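Here the structure comes first, spelled out in structure tokens, and everything after it is commentary.
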């Protein structure tokens, strides 16, 4: 007689790994392209999750959103940047061999160079260069036709950042180099023609700066001695040997390009001043204490950076198996963190979709994973952009010029422009077309 104890044990039924919710579309690339800033947040809300899976560019991709997801995403034991960015972005926006695609000790060494180049005293010098260039270029009231703030700012910023960085730029070349630098961030994710122009622009810019690096190393000039550009050209990255000249050119573009890209934020700040009249009145209210006035201006800048779109998302790869929120993450998976949606996470921000600069008036340092338009965590150790402070300072400078300087005020021509959320970067239609006015801020108080 066979007892139960004598029977062979039944084979154990394997437990399926927990999988994230998945979108039903076979590939979501076109849907993402149509609404890049709201795609992740919209689907996460519909699925009731902070992480879901879809296909982008035919590859399975995990999409994450929210402050908790941002804290996870910047854990270097779980995510890495090497090999994460699509090849199209490496060929246009980032370049190959640059700091954005590095991890670990190599990333920290390379990042330390950028942190040193953007220390407060250096940023002060850049702000002074932009001030001079902006004042010199701004047309007198009645002296020009209406123009786009976005397009006006670009050559001003290109001229100023090249002078500051120590990259010689003849006046005759300024329009060309401005167009090429703008292509890197304004054309990378556009249609096919714009993307090809961005690729060509990067090739020409890298060739130009590679020649300058090689000339500097050979003692034939090329870069201003002692400048930020020359420091990049001489940087050894802990190896004792300078970076390859082309990689040095890539990193030099990583210094120049983000400054020119502040033109996006300046047009968005102009949009905010024009549209949000109650908050504009709060900003312009006379205050006896200059420190309080400056605090309000910094708060306005911070809220523009939080509320308005800049980068939609950032990519990484899972570097070790783990489980989070009941979902299995597998080594090698590509992941996208929703930057725009996280800046509007209701778990981190009260009334997140309302433009309200007062939220920053007495608390200018939000949690490092809540305000992440240019990446999260610590700039010195994580993949947060070290140029974030530059963007804030330049926005504050231009806001001050608009509000305080005679002849540097403006008013918007025509009806209030809509924000084009289906383009990268998002902008007011027309780049915010304005007309100069004689008195500071006079056109803003209407």
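On inspection, residue 369 fails the criterion of being under 22 Å from residue 67 (Cβ atoms), modelled with pLDDT of 95 or more and either touching a helix residue (DSSP H, G or I) at 6+ places or on another chain (Cβ under 6 Å) or in a loop (DSSP other than H, G, I, E, B) (or both).
Just to be sure before I move on: is residue 180 at pLDDT 90 or above and under 30 Å from residue 438 (Cβ atoms) in the structure I sent? When the stated conditions are applied, residue 180 does not pass them. The residues listed here are 30, 62; of these, the one that is crowded, with 20+ Cβ neighbours inside 10 Å and out of contact with any helix residue (DSSP H, G or I) (no Cβ under 9 Å at 6 or more places or on another chain) is 62. Say whether the condition of being assigned to a helix (DSSP H, G or I), modelled with pLDDT of 95 or more and out of contact with any helix residue (DSSP H, G or I) (no Cβ under 8 Å at 6 or more places or on another chain) is met by at least one residue in the range 134-142. Yes.
Reported count of residues in the range 418-446, each being modelled with pLDDT under 85 and in a loop (DSSP other than H, G, I, E, B), is 6. Among the residues of the range 337-358, is any part of a strand (DSSP E or B) and closer than 30 Å to residue 110 by Cα? Within the range 337-358, one or more residues are part of a strand (DSSP E or B) and closer than 30 Å to residue 110 by Cα.
Looking only at residues that are within 25 Å of residue 408 (Cα to Cα) and surrounded by 18 or more Cβ atoms within 10 Å (Cβ to Cβ) in the range 110-126, which one is modelled with the lowest pLDDT? Filtering the range 110-126 for residues that are within 25 Å of residue 408 (Cα to Cα) and surrounded by 18 or more Cβ atoms within 10 Å (Cβ to Cβ), the one modelled with the lowest pLDDT comes out as 123. Does residue 400 qualify as being out of contact with any strand residue (DSSP E or B) (no Cβ under 8 Å at 6 or more places or on another chain), at pLDDT 85 or above and farther than 16 Å from residue 305 by Cα? It is true that residue 400 is out of contact with any strand residue (DSSP E or B) (no Cβ under 8 Å at 6 or more places or on another chain), at pLDDT 85 or above and farther than 16 Å from residue 305 by Cα.
Sub-6 Å Cβ pairs linking a first residue in the range 230-249 that is within 13 Å of residue 111 (Cα to Cα) to a second residue that is surrounded by fewer than 17 Cβ atoms within 10 Å (Cβ to Cβ) and at pLDDT below 85, at least 6 apart or interchain, are 237/109; 238/109, ordered by first then second residue. The residue that is farthest from residue 197 (Cα to Cα), among those in the range 92-109 that are in contact with a helix residue (DSSP H, G or I) (Cβ under 6 Å, 6 or more places away or on another chain) and modelled with pLDDT of 70 or more, is 96.
Out of everything in the range 372-397 that is assigned to a helix (DSSP H, G or I) and over 11 Å from the mean Cα position of the chain (by Cα), what residue ends up being modelled with the lowest pLDDT? Full working, then the answer.
Taking the range 372-397 as the starting set, the residues that turn out to be assigned to a helix (DSSP H, G or I) are 388-397.
Checking the rest, the ones that are also over 11 Å from the mean Cα position of the chain (by Cα) come to 389-390, 392-397.
On the way: 389: 87, 390: 93, 392: 94, 393: 96, 394: 97, 395: 97, 396: 96, 397: 97.
Out of the qualifying residues, it is 389.
Within the range 148-169, track down each residue that is closer than 19 Å to residue 270 by Cα, in contact (Cβ under 8 Å) with a residue 24 or more places away in the chain and assigned to a helix (DSSP H, G or I).
Going residue by residue through the range 148-169, those that are closer than 19 Å to residue 270 by Cα are 148-157.
Those still in the list that are in contact (Cβ under 8 Å) with a residue 24 or more places away in the chain too: 148-151, 153-154, 156-157.
149, 150, 151, 153, 154, 156, 157 - these are the residues of the range 148-169 that are closer than 19 Å to residue 270 by Cα, in contact (Cβ under 8 Å) with a residue 24 or more places away in the chain and assigned to a helix (DSSP H, G or I).
Picking from residues in the range 67-85 that are surrounded by fewer than 18 Cβ atoms within 10 Å (Cβ to Cβ) and modelled with pLDDT under 85, the one that is farthest from residue 375 (Cα to Cα) is 83.
Restricting the first member to the range 318-331 and to residues that are at positive phi, and the second to residues that are surrounded by fewer than 17 Cβ atoms within 10 Å (Cβ to Cβ) and assigned to a loop (DSSP other than H, G, I, E, B), the beta-carbon pairs closer than 6 Å and six or more apart or on different chains are 326/18. Among the residues of the range 125-147, those that are in contact (Cβ under 8 Å) with a residue 24 or more places away in the chain and within 14 Å of residue 394 (Cα to Cα) comprise 125, 126, 127, 129, 130, 131, 132, 133, 134, 135.
The values are calculated or read from the model by the stated rules, or taken from the named source; none is laboratory data. Predicted model only: the values in this text are computed from it and were never measured. Ideal geometry is used to build each Cβ from the backbone, glycine not excepted, and the neighbour counts take in all protein chains shown.
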